[in-house]
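The values are calculated or read from the model by the stated rules, or taken from the named source; none is laboratory data. Just so you know, these numbers come straight off a predicted model, no measurement behind them. Cβ placement follows ideal geometry from the backbone for every residue including glycine, while neighbour counts extend to all protein chains displayed.
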Amino acid sequence: MANSGQKVVLITGCSSGIGLRIAVTLAKDEKKRYHVIATMRDLKKKDKLVEAAGDAYGKTLMLLPLDVCSDESVKQCINNVKERHIDILINNAGVGLLGPVESISIEEMKRVFETNFFGVVRMIKEVMPDMKKRRSGHIIVMSSVMGLQGVVFNDVYTASKFAMEGFCESMAVQLMKFNIRLSMIEPGPVHTEFETKMMEDVAKMEYPGVDADTVRYFKDVYLPSSIDIFEAMGQTPEDIAKCTKKVIE
Ligand code: NDP
């Protein structure tokens, strides 16, 4: 349970990557300022987080199940937080999607919006009433540089982040009146499982009906250069966790 004076921070998508690292960084804060509720949709994946948290696990870090795509899971998770009191919500959970639009089904596109857009909307709707009542709170959203600029073959992912940015920019104005801050973090490439998962999907991708030039451009030009960009410019999850900590301090 949080000590008085500790801020309660709930983070989505902590089974890997950036979410895991933010959870550990805040839980290990030298002044113990944060009580971290690290959430993930499948608690069977908790081992990496628990190991990285070390002594902080069970003290400044606890775990709860949460699937941001499920209304019921979101409600249940927030109901499990003492008095539903969350000082800082970090919307980190997200999925990527890469490839020519003709190769991607509408169902896959909906999954991306369901997670990256509606997942954030669900969380904000659920925590907002309590934050408004207390007239304090901070909501962080993990967007992307692709929330600012379209990038070839990332059409749907980019659209989901643009949608979220639009929603958050509009929300920020009404939340300001209640002393609730809303901040967006827009990382470039980060070395996590995110890229690996997308590449696995791409490896299984089929191209029926896609013109040969587009397929060639995607496979022979875009993919190798995108891997090079990741290699050359990729930040670490630790970099993003440090940046997130600065934003909430
Ligand atoms: P990872 O794939 O390592 O982590 C994504 C996390 O989101 C996982 O914990 C995953 O859980 C979780 N997640 C996915 N769907 C759901 C869901 N329905 N409910 C709850 N959790 C879910 O990637 P990153 O750490 O890189 O990504 C974190 C965020 O950073 C994302 O929003 C991404 O868009 C953003 N970002 C990433 C960049 C990058 O280059 N890596 C660049 C810019 C932004 P599970 O293990 O269950 O799948």
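Some notes on this structure:
- Boolean, residue 24 is among the β-branched types (Val, Ile, Thr), away from the ligand (no atom under 14 Å from the Cβ) and closer than 21 Å to residue 249 by Cα: no
- Residue satisfying all of: in the range 217-249; in a loop (DSSP other than H, G, I, E, B) and touching a residue at least 40 places away in the same chain (Cβ under 8 Å); nearest to the ligand (Cβ to nearest atom) among these: 234
- Scanning the range 160-188 for residues that are in a loop (DSSP other than H, G, I, E, B) and closer than 16 Å to residue 128 by Cβ gives 177, 178, 179.
- Among the residues of the range 164-189, those identified as touching a Ser or Thr at 6+ places or on another chain (Cβ under 7 Å) and within 14 Å of the ligand (Cβ to nearest atom) are 164, 165, 184, 185, 186, 187.
- Contacts under 9 angstrom Cβ, first residue in the range 189-204 being without any contact (Cβ under 8 Å) to a residue 12 or more places away in the chain and closer than 14 Å to residue 99 by Cβ, partner of a type outside the set (Val, Ile, Thr) and surrounded by fewer than 16 Cβ atoms within 10 Å (Cβ to Cβ), 6 or more apart: none
- Residues considered: 89, 49, 66, 97. Of these, the only one that is more than 13 Å from the ligand (Cβ to nearest atom) and closer than 23 Å to residue 240 by Cα is 89.
- Residue count for the range 4-21, restricted to those that are part of a strand (DSSP E or B) and near the ligand (Cβ under 6 Å from one of its atoms): 0
- Residue that is nearest to residue 102 (Cα to Cα) [pool: residues in the range 140-163 that are small (Gly, Ala, Ser) and within 14 Å of the ligand (Cβ to nearest atom)]: 159
- Enumeration of residues in the range 200-216 that are within 15 Å of residue 104 (Cβ to Cβ) and not in a loop (DSSP other than H, G, I, E, B): 200, 201, 202, 203, 214, 215
- Selected residue [touching a residue at least 12 places away in the same chain (Cβ under 8 Å), out of contact with any Ser or Thr (no Cβ under 9 Å at 6 or more places or on another chain) and surrounded by 15 or more Cβ atoms within 10 Å (Cβ to Cβ)] from 22, 78, 90, 11: 78
- Considering the range 27-46, the residues that are of a type in the set (A, V, I, L, M, F, W, C) and within 12 Å of the ligand (Cβ to nearest atom) include one that is surrounded by the most Cβ atoms within 10 Å (Cβ to Cβ), namely 38.
- Residue 212 vs. criteria closer than 25 Å to residue 242 by Cβ, away from the ligand (no atom under 16 Å from the Cβ) and either surrounded by fewer than 16 Cβ atoms within 10 Å (Cβ to Cβ) or at pLDDT 95 or above (or both): no
- Test result for residue 109, within 11 Å of the ligand (Cβ to nearest atom) and closer than 30 Å to residue 219 by Cα: no
- Extreme residue, nearest to the ligand (Cβ to nearest atom), among residues of the range 114-125 that are in contact with a strand residue (DSSP E or B) (Cβ under 9 Å, 6 or more places away or on another chain) and free of Cβ contacts under 8 Å to residues at least 60 places away in the same chain: 120
- Residues within the range 186-202 that are hydroxyl-bearing (Ser, Thr, Tyr) and surrounded by fewer than 16 Cβ atoms within 10 Å (Cβ to Cβ), tallied: 1
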